[in-house]
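S.K.: One structure, pasted below without further comment.
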Amino acid sequence: MVTITNDDRPRIRSNRPKRMKDSRGYRVFQVVNGAVLLGVVFVTLYPFLNIIAQSFSGESFIRAGEVNLIPQGFNITTYQLVMGDGMFWRNYGNTVLYTVVATAIAMVLTTTYAYVISKRNIRGRGLLIGIAVFTMFFNGGLIPNYVLISSLGLTNSIWAIVLPNAISVFNLLVMKAFFENLPAELEEAAQIDGLSTYGILLRIVLPLSKAVIATMVLFYAVTFWNSWFQAFLYLNQQELFPVTIYLRNLIAGASTASSLGSGSGDLAQVASNIKAVTMVLTVLPILCVYPFIQRYFVSGVMLGSVKG
Amino acid sequence: MKSRALLRAGGVGAAVALGLGLAACGSSSEDVDVSEQTLGAMDAYAVGDQFTATEALTFPILYSEHPNYPIKDDWLFWEELGKRTNVTLEPTIVPMSDYEQKRSLLVGAGDAPPILPKTYAGQETPFVASGAVLPVSDYLDLMPNFTDKVERWGLEDNLDTLRQEDGEFYVLPGLHENPWQDYTIAVRQDIMTELGLEAPGDWDEFRDVLRAVKAAYPDMYPLSDRFNVPTPGGNFLSLVAMTYGTSAGWGYNDATFDEASGEFAYTGGTDEYRDFVEYVSSLVEEGLVDPESFTQDDDTAIQKFTNGRSFAISTNAQTLVNDYRPTLADTQPDAEVVKIPLPAGPAGNVISGTTQLENGIMISSAATEREDFVAMMQFIDWLWYSDAGLEFAKWGVEGTTFTKDAEGKRVLAEDIDFVGLNPGATKHLQKDFGFSNGVFAYGGPTELLQSTFSEEELVFQAAMNEKETLPLPPAYPFSEAEREQATLLETPLADFTAQATLQFILGDRSLDDWDSYVAELEAKGSSTYVDLVNGAAERFEEANG
């Protein structure tokens, strides 16, 4: 035995480079693949880098179309200007508040709902799933929804933003699939050891579900951070607006078709560098969260889908 | 079993939705007696009077928030308005970007504030059938300034264009003393001077100017245009078509009134339209117009112009000062840009008279139940239609934001800026004081409108005012059934016309093909549409003529 291994060793070692050497076709593929992917990366990043460059540029350079990836007429006065606007920060704070509260509520509701409907032996499970799925295909429409929210007295409050979309059915189903694939034996063992239903959920199931929870937090947080329509419908005071409405009005407001033919008071447009700065400041935080949750994100979605 | 449960649930949902829809539809009551609703109203309120409510009143109002001047509670506008009128406005703030949608939602939900400003002509139509908005024409006796201005400025015909089938109109438009032509073409005056060219008087001379520029600067597109949203060639085609006695671009109207026959014809199939298309396509064929002119976005067109790659571009007074001059000052320091007077065409040296009406105010029907309804109408009349109200909304408070010299010329206070009147001033008339706000300040006497214009713009406007005003076509309000049919026909017809127009202009389709194009219009129902229009016009004429 020993001699054989001794004999083998040098051969393996000498063979290793040869065996590991990629075939010509594979190497070509890798180069092409790399080039194509770099191209995709560039195409994806370019608009973003362009906006960043614009945010540091002078207005007349942007108008003349001279700003690509490098700022022209470098200045940070626009940043000072936008950051000096009290309403911008007010709305920014609202966005943070709405996102945190809404994500927390959404996570509690989605997790508990998903856990219940993942138990195949529960009575009325079909009905519970049916109720959720029904809302995926049908909804009351704009005006009935508005009437509902306003007669519940939720308009002009944070609850109009955080409650109506608390459960996303898509997220709910992904989570349900994840819970269904947790080994039932674990929960049985916990039950034998004397844990209650809530104990099982809190001490066994949730700690094992970090991946899917992180994914859901990301899904929800990004959705709430970007959302503006709910706020637009149900809020009537600018102190309550999230920053997305501020941004949307800045970008789309003064250049809508109907305002083009209108009186002199409406015609002035917002400068492009102010728009760029606002965009950069708005996407920055959510952009910073992404890389940290991303690894869960990939494994979480995979766990939900592949095994399911 | 499960699917039946779903079906049942769906049925209930549909029934609820239907019920809500029906509940939203009420019938409008005519000749409402307002004698009981005089809380705070002035007994004798007439032209020239300052409206002051006899007790403090609050009126909710829908407010379109402009990104350039976000609303502030400490605006002098609110304070002074309270002092003068004893009225506090309670704004529901809606971002300007989606104002229309929110207004529809609130009106549909029955939750709209009584005063709904910034309503453009035609936007009120969807609310008419449901009775959600007030037929304001029934209440004009409460509005002495409005009626006075309509009478003095001869705007009855303009108002007719707003009337619905029942002969009423549902929006109080902004009123202009004279037509106001703001849009035209901007050219590089330095090149004109260099080549010894004069500002063109009509479109043929305009073509000669472009030819001369092309000859001297072969690398340059003489015209590369902007304003292509939402219709391709929005501004340029609209300007040319107007002086050819037809309509296109932004101003496209499916039906054109033929004075000779006294009937409407489908615009895209008329001889005038053909002449107009022929003219523009000849410009493109000669290489005088950038073929991208009709589709490129504004920024691209501005870049071409400010980089010296094009000679002319569409403009209004604001874009001239904001978009072109500052950038050109950096990129081409010798360049000089001016507005040319709008060239004349085969229809004469004319401008459209439709600009005498502006966007305006809808009143929600629920307002008639308010105790202070009469005072509200008087208030609206004062703020938006009286000379004092118009001046207040635009210029602010005399002695604070502006002063008047001996001839009555208004001068902005030194530390306040507006449209570049006092560059470098620390405060802004709109941002810091709330005046010249698009929600409250528009329309009015020409003297007031032009009071903030620069010297060169005044010269341009003087030239425009010498032009003749095109007659307005007769009104043709559709009945509800007709409107439904008309809408079904209108959209495909207008789309097809716009598409074919571009094909003709860009040379993708030969003008020899014109007859088959007209036949295609016919196949898409142009004559059915025209019949609807003529029928409605006749009916309106009989009922109101």
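Rule-based calculations on the coordinates, nothing more; no lab input. Note that this is a predicted model, so its numbers are computed, not measured. Cβ atoms come from the backbone with ideal geometry, glycine included; neighbour counts cover every protein chain shown.
S.K.: Neighbouring Cβ atoms within 10 Å as the yardstick, rank B:Trp384, B:Trp395, A:Trp228 fewest first.
M.R.: Ranking B:Trp384, B:Trp395, A:Trp228 by Cβ neighbours within 10 Å, fewest first, gives A:Trp228, B:Trp395, B:Trp384.
S.K.: Within the stretch B:127-203, list the GluC sites (Glu not before Pro) lying in a DSSP loop whose Cβ has at most 16 other Cβ atoms in a 10 Å radius.
M.R.: Of the GluC sites (Glu not before Pro), the ones in loops of the stretch B:127-203 whose Cβ has at most 16 other Cβ atoms within 10 Å are B:Glu198.
S.K.: Turning to a different aspect of this structure: For B:Lys404, go through the lysines and keep the ones whose alpha-carbon is under 16 Å away, minus same-chain ones fewer than eight residues off.
M.R.: B:Lys394
S.K.: Most exposed first by the Cβ proxy, i.e. fewest other Cβ within 10 Å, how do A:Ser55, A:Ser196 rank?
M.R.: So the ranking, lowest neighbour count to highest, is A:Ser196, A:Ser55.
S.K.: For the stretch B:537-542, what does the Karplus curve 6.51 cos²θ - 1.76 cosθ + 1.60, with θ = phi - 60°, yield as ³J(HN,Hα) per residue in whole Hz, taken in order and with x for Gly and Pro?
M.R.: Coupling constants for the stretch B:537-542: 5, 4, 4, 5, 4, 5 Hz.
S.K.: What are the extents of the Cα atoms of the protein assembly as shown along their three principal axes, in Å, largest first?
M.R.: On the principal axes, the protein assembly as shown reaches 111, 75, 63 Å in Cα extent.
S.K.: Continuing with this model, one more query. If the label point is 7 Å along Cα→Cβ of A:Asp85, which residues in the stretch A:271-289 have backbone nitrogen under 12 Å from it?
M.R.: What the label zone holds, given the 12 Å backbone N cut-off, is A:271-282.
S.K.: Assuming R0 = 30 Å, can you tell me the calculated FRET efficiency for the pair B:Glu263 and B:Glu286, based on Cβ-Cβ distance, to the nearest 0.05?
M.R.: Efficiency computed from Cβ-Cβ geometry: 0.25.
S.K.: Further, regarding this structure: Hey, if you drop one equal point scatterer on each alpha-carbon of chain B and run the Debye formula without solvent, what base-10 log of I(q)/I(0) do you get at q = 0.10, 0.13 Å⁻¹?
M.R.: Normalising to I(0) and taking log10 leaves -0.95, -1.43.
S.K.: Right, here's the next one. Run the numbers for B:Ser510 and B:Ser35: contour at 0.36 nm per residue of separation, minus the present Cα-Cα distance, in nm.
M.R.: 164.4 nm
S.K.: Quick one: what do you get for the stretch A:82-306 if you divide its Cα Rg by 2.2 N^0.38 Å?
M.R.: 1.24
S.K.: In 5 Å bins starting at 0, how do the alpha-carbon pair distances of the stretch B:461-545 split up by percent?
M.R.: 3, 12, 16, 15, 13, 13, 14, 10, 3, 0
S.K.: Under 19 Å Cα to Cα from A:Lys119, which aspartates and glutamates show up? Leave out anything in the same chain fewer than 8 places away.
M.R.: A:Glu180, A:Glu185, A:Glu187, A:Glu188
S.K.: On to the next question. With an 8 Å cut-off on Cα pairs and a minimum separation of 6 or more residues, tell me the relative contact order of chain B in percent.
M.R.: Reported as a whole number, the value is 21 percent.
S.K.: Additional query: Whole-Hz Karplus ³J(HN,Hα) for the stretch B:479-493, in order, using 6.51 cos²θ - 1.76 cosθ + 1.60 and θ = phi - 60°, x for Gly and Pro?
M.R.: 6, 4, 5, 5, 4, 4, 5, 4, 4, 4, 7, 4, 4, x, 5
S.K.: To the nearest whole percent, what portion of all C-alpha pairs in the stretch B:180-236 is separated by more than 17 angstrom?
M.R.: For the stretch B:180-236, the share of Cα pairs beyond 17 Å comes to 45 percent.
S.K.: Too long at a 26 Å Cα-Cα cut-off: which of A:Lys176/A:Lys210; B:Lys214/B:Lys304; B:Lys339/B:Lys427; B:Lys304/B:Lys339; A:Lys275/B:Lys427?
M.R.: Where the Cα-Cα span goes over 26 Å, the pairs concerned are B:Lys339/B:Lys427.
S.K.: Quick one: go through the stretch A:223-244 and flag any residue whose amide nitrogen is under 17 Å from the point 7 Å out along the Cα-to-Cβ line of A:Val101.
M.R.: Counting backbone N atoms under 17 Å from the label point, the list is A:224-244.
S.K.: Where q = 0.13, 0.15, 0.21 Å⁻¹, what log10 of I(q)/I(0) comes from the Debye formula for the stretch B:249-393, counting one point per Cα?
M.R.: Normalising to I(0) and taking log10 leaves -0.92, -1.02, -1.34.
S.K.: Let me ask you something else. Using DSSP to call loops (not H, G, I, E or B), can you name the GluC sites (Glu not before Pro) in the stretch B:252-347 whose Cβ has at most 12 other Cβ atoms within 10 angstrom?
M.R.: B:Glu259
S.K.: What is the fewest-to-most order of B:Asp275, B:Asp372 by other Cβ atoms lying within 10 Å of their Cβ?
M.R.: Least to most surrounded, the residues fall as B:Asp275, B:Asp372.
S.K.: Continuing with this model, one more query. Treat each spin label as a single point 7 Å out from the Cα along the C-beta direction, and report the A:Ala184 to A:Asn50 distance in nm.
M.R.: With each label placed 7 Å out from Cα toward Cβ, I get 5.6 nm.
S.K.: Per the Kirkwood definition applied to all pairs of different Cα atoms, how many angstroms is the hydrodynamic radius of the stretch B:134-213?
M.R.: Taking the inverse mean of 1/r over all distinct Cα pairs, the stretch B:134-213 comes out at 16.5 Å.
S.K.: Taking a ≥ b ≥ c as the square roots of the eigenvalues of the Cα gyration tensor of the stretch B:333-466, is the shape rounded (a/c under 1.5), prolate (a/b larger than b/c) or oblate?
M.R.: oblate
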